[in-house]
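Participant: Here it is, the structure in full.
Read-outs throughout are calculated quantities, based only on the coordinates presented, and are distinct from any laboratory measurement. Keep in mind it's a predicted model, so treat the numbers as computed, not measured. Neighbour counts run over all protein chains shown; Cβ positions are idealised from the backbone, glycine included.
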Amino acid sequence: MEVSADISLPAPDAAEREQAKQRLYVLFQAAGWSAWLLMEAIFTFAFPEPPDERRDVTTNLSIVIMFMTVGLLLTHLLRPFMRRWKWKQLGWRQLVPRMVATSVVMALIWVGFITGWVHGVLGEKWSMHVAPVVIVVMDTCFISIVFFGWLCLYFFYHVFDRLNRSEIERFQLMTSVKEAELRALKSQVNPHFIFNSLNSLRALIDENPGRARRAVTQLANLLRYSLQSGQLETVPFEDELEVVNDYLALEQVRHEERLRLRLDIGTDTLSLPIPPMLLQTLVENAVKYGISPRADGGEISIVARNEGGALRIQVSNPGEIKASEKAGSTGVGLHNAAERLRLIFGEKATLRLRSDKPALVVAEAVIPLPVHP
Amino acid sequence: MRALLVDDERLARSELRRLLSEFPEIEIVGEASQTKQAREQMAALKPELLFLDVQMPGETGIDFLAALEPPVPHVIFTTAYDEFAVKGFELNALDYLLKPVDPARLAAAVNRLPGLSQSTLAKPGPAGRLESADKVFVREGEKCWFVEVSQIRLLESEGNYTRVHFADAQPQLFRSLNAMEERLDPKFFFRANRRQIINIAWIASIEPWFSSGLLVHLKGGTKVELSRRQAQDFRDRMSL
């Protein structure tokens with residue numbers, strides 16, 4: 001399981017995005033006004049006007065095409081203006097009155113054109129039944145509503161587009177933050193330990209060549225694991241345990257009889273997943289605060305249990321929890337481990353430091369069963 | 001030269017011992033695995049050279065040194081990986097060795113020890129006085145200095161601490177001015193007033209001051225006022 005998430009989407013190319021939007025606009029305009037044309041046609045045929053006022057087909061068609069063309073042109077010309085006035089950035093309180101006003105103005109222009117065409121150019125007579133003023137006002141109202149509808153669609157699209165985009169951006173940001181956090185929290189083997197081990201090893205070459213050879217292998221295992229596990233989100237507990245054993249063997253080279261061990265590992269825990277270097281961090285901490293400061297050292301115990309799929313690990317060392325002690329030095333390793341645990345396994349995973357008995361510190365990690373095993 | 005090895009790891013000490021066997025001029029008089037033990041050994045064995053691990057249980061080598069009653073012996077720090085301490089040393093050209101120790105680096109460090117050729121090593125003077133060639137270890141924040149007593153121009157009281165002026169630094173020493181006065185050689189150091197002790201060797205000029213006092217200019221630009229009584233003492237001392 002790679003940490004580098006495939007879920008992060010590549011940022012869409014801005015130019016490509018603009019083109020796609022342009023295509024969508026053309027499609028909408030064409031489809032919208034064609035639908036209008038179709039509706040006009042259906043209405044004309046379904047509800048024919050009285051015979052004395054019926055126009056011939058060519059006149060009717062020319063009027064409807066004029067209708068459509070003027071509508072298309074007006075809305076299309078409005079677009080650059082709305083861009084220039086930056087209407088997309090307005091709140092709806094400012095936008096709605098502008099939309100209403102624009103609709104009415106455009107409707108007036110439209111009605112002007114149509115009236116000019118029908119009664120001016122084509123020379124059609126005004127209706128006998130209704131006063132011309134009423135017709136103009138009613139037409140204006142009706143057409144205003146059409147334009148208002150057009151504007152609503154236009155802005156709805158932009159609102160959704162923006163929501164969508166910010167959602168994607170936030171998602172991308174979240175994943176990248178999570179990745180960065182994980183990378184930063186990945187603990188590595190303490191360099192101080194590495195060089196001290198190498199130093200002890202050098203002394204060991206003369207003193208106990210067999211032990212020195214073994215120590216070289218153990219150090220190599222630990223370093224390899226520390227370098228490779230950086231790419232993994234979880235490893236089987238067994239793998240981690242093996243490396244912790246190598247680490248402890250090396251610490252025993254350094255601390256000799258000062259470091260005593262007690263391991264109690266349930267066999268059903270070995271295949272459970274664990275973030276790499278988690279147990280290592282707990283044990284390193286136990287050595288740092290429980291063994292190093294003590295002239296006669298002490299015992300470190302590691303207990304692991306499978307509790308219905310959840311892995312419970314307890315690492316204990318002699319000592320006291322010093323909450324007031326320079327918070328910087330005490331908690332960083334453990335704090336990072338806890339954060340890492342939370343990022344991978346969610347809120348159910350816990351890492352706590354407690355003291356059940358006097359002079360005994362227990363670091364306890366509970367790692368829940370992963371949702372997707 | 002009598003050396004004491006201080007490191008919490010037995011193997012580290014034995015490795016250093018093995019490396020030092022190449023240098024007949026270095027005699028290892030003792031080993032300590034903790035700073036407490038090291039303090040006892042310092043008092044009992046009076047070593048002239050200290051190989052001091054920086055990272056030790058409980059107390060760092062630097063803490064240990066800062067708490068040590070001056071004069072401090074020659075010190076060569078050993079450290080496995082300690083970015084900050086190493087940076088602090090480099091600034092002040094103190095010697096340190098990185099573990100595992102490179103024999104060539106060790107040879108260079110040993111050859112640099114000044115005492116080896118002159119054999120005028122820091123031995124406590126009469127009544128525990130600090131000689132002018134003795135060194136005081138001062139630490140402030142991450143910076144550390146080994147200051148030769150003769151390089152100190154001025155010591156200023158700051159409550160229970162003393163600010164030590166030398167070269168272009170003035171770190172604080174965790175000792176009172178009175179405690180320092182007892183350790184300093186009156187031939188060189190003069191109590192100018194309640195707050196200040198000056199090094200006579202660093203006086204640039206003296207001018208008469210109000211009500212029969214004196215104003216002393218030190219090399220480096222510091223001015224120190226002497227009241228009438230202290231001015232009288234000073235004149236008596238200088239006319240000797």
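Participant: Once you have the Cα-Cα distance between residue B:211 and residue B:108, take 0.36 nm times their residue separation minus that, and quote the gain in nm to one decimal.
Facilitator: 31.4 nm
Participant: Related question: Calculate I(q)/I(0) for the protein assembly as shown by the Debye formula, one identical point scatterer on each C-alpha and no solvent, and give its log10 at q = 0.05 Å⁻¹ to two decimals.
Facilitator: -0.50
Participant: Scanning chain A for trypsin sites (Lys or Arg not before Pro) in DSSP loops with at most 13 other Cβ atoms within 10 Å, what's the longest stretch left with none?
Facilitator: The answer is A:126-321.
Participant: May I pose another question? Could you order peptides A:235-247, A:270-282 by the average number of other Cβ atoms within 10 Å of their residues, highest first?
Facilitator: A:270-282, A:235-247
Participant: Let me ask something else about it. In percent, what relative contact order does the range B:2-118 have, based on Cα pairs under 8 Å that are 6 or more apart in sequence?
Facilitator: 22 percent
Participant: Next up: Work out the mean other chain Cβ neighbour count within 10 Å for the residues of A:195-208 and drop it here as an integer.
Facilitator: Numbers: counts 7, 12, 4, 3, 12, 9, 3, 9, 12, 3, 1, 3, 5, 1.
So the per-residue partner count for this stretch is 6.
Participant: Follow-up question, since we're still on this one. Identify which of A:134, A:70, A:96 has the largest mean-square fluctuation in a Gaussian network model of chain A, with springs joining Cα atoms closer than 10 Å.
Facilitator: A:134
Participant: Follow-up. Residue B:133 to residue A:207: FRET efficiency via 1/(1 + (r/R0)^6), r the Cβ-Cβ distance, R0 25 Å, to the nearest 0.05?
Facilitator: On the way: r = 40 Å, r/R0 = 1.60.
For residue B:133 and residue A:207, the calculated efficiency is 0.05.
Participant: Between the range B:203-240 and the range A:210-267, what's the alpha-carbon centroid distance in Å?
Facilitator: 68 Å
Participant: Here is a follow-up. Hey, what number do you get for chain A at 222 nm if only DSSP H runs of n ≥ 4 count, each worth -39500 (n - 2.57), divided across all residues, to the nearest 500?
Facilitator: -21000 deg cm²/dmol
Participant: Along Cα→Cβ, 7 Å out, is where each label goes; now give me the distance between the ones at residue A:69 and residue A:108 in nm to one decimal.
Facilitator: 2.5 nm
Participant: Using only Cα atoms, find the angle between the long axis of helix B:35-45 and the longest principal axis of chain B, and express it within 0 to 90 degrees, rounded to the nearest 10.
Facilitator: 70 degrees
Participant: What's the FRET efficiency of residue B:22 with residue A:217 using the Cβ-Cβ distance as r and R₀ = 30 Å, to the nearest 0.05?
Facilitator: About 0.50, to the nearest 0.05.
Participant: Report, ordered by chain and residue number, the aspartates and glutamates lying within cross-link reach of residue B:223, taken as a straight Cα distance under 13 Å and ignoring same-chain residues fewer than 8 apart.
Facilitator: By straight Cα distance, residue B:223 reaches B:156, B:207.
Participant: Show the residues, 5+ positions off or on another chain, whose built amide H is closer than 5 Å to the amide H of residue B:56.
Facilitator: It is B:61, by chain and number.
Participant: Run the numbers on chain A and let me know its relative contact order in percent, using alpha-carbon pairs under 8 Å that are six or more apart.
Facilitator: 13 percent
Participant: What does the structure give for B:4-12 when I average, per residue, the other chain Cβ atoms found within 10 Å of the residue Cβ?
Facilitator: 5
Participant: I need to check one value: relative contact order of chain B, counting alpha carbon pairs closer than 8 Å and at least 6 residues apart, in percent.
Facilitator: After rounding, I find 11 percent.
Participant: Let me know the longest stretch in chain B that avoids all chymotrypsin sites (Phe, Trp or Tyr not before Pro) found in a DSSP loop with at most 15 other C-beta atoms within 10 Å.
Facilitator: Looking at chain B, B:1-173 is the longest stretch - no exposed chymotrypsin sites (Phe, Trp or Tyr not before Pro) with at most 15 other Cβ atoms within 10 Å.
Participant: Does the range B:151-239 come out rounded, prolate or oblate, given a ≥ b ≥ c as the square roots of the eigenvalues of its C-alpha gyration tensor, rounded meaning a/c under 1.5 and, failing that, prolate meaning a/b above b/c?
Facilitator: Cα axes put the range B:151-239 in the prolate bin.
Participant: State the extension gain, in nm to one decimal, for the chain segment bounded by residue A:100 and residue A:125, taking 0.36 nm per residue of separation less the distance between their alpha-carbons. Could the numbers behind the result be given before it?
Facilitator: Values: separation 25, 0.36 × 25 = 9.00 nm, distance 3.15 nm.
The span from residue A:100 to residue A:125 would gain 5.8 nm if fully extended.
Participant: Work from the charge dipole of chain A (Cβ charges, +1 for Lys and Arg, -1 for Asp and Glu, about the Cα centre) and give the residue of A:241, A:293, A:217 farthest towards its positive end.
Facilitator: A:293
Participant: Once both labels are modelled 7 Å past Cα along the beta-carbon direction, what's the residue A:57-residue A:83 spacing in nm?
Facilitator: Roughly 4.1 nm, to one decimal.
Participant: Given A:88/A:178; B:46/B:187; A:288/B:99; B:99/B:143, which pairs have Cα atoms separated by over 23 Å?
Facilitator: Beyond 23 Å: A:88/A:178; B:46/B:187.
Participant: Here's something else I'd like to know. Could you tell me the distance between the Cα centroids of the range A:58-126 and the range B:15-53, to the nearest Å?
Facilitator: 98 Å
Participant: I'd like the FRET efficiency for residue B:225 and residue B:158, computed as 1/(1 + (r/R0)^6) with the beta carbon distance as r and R0 of 22 Å, rounded to 0.05.
Facilitator: Working: r = 18 Å, r/R0 = 0.80.
Efficiency, from the Cβ-Cβ distance: 0.80.
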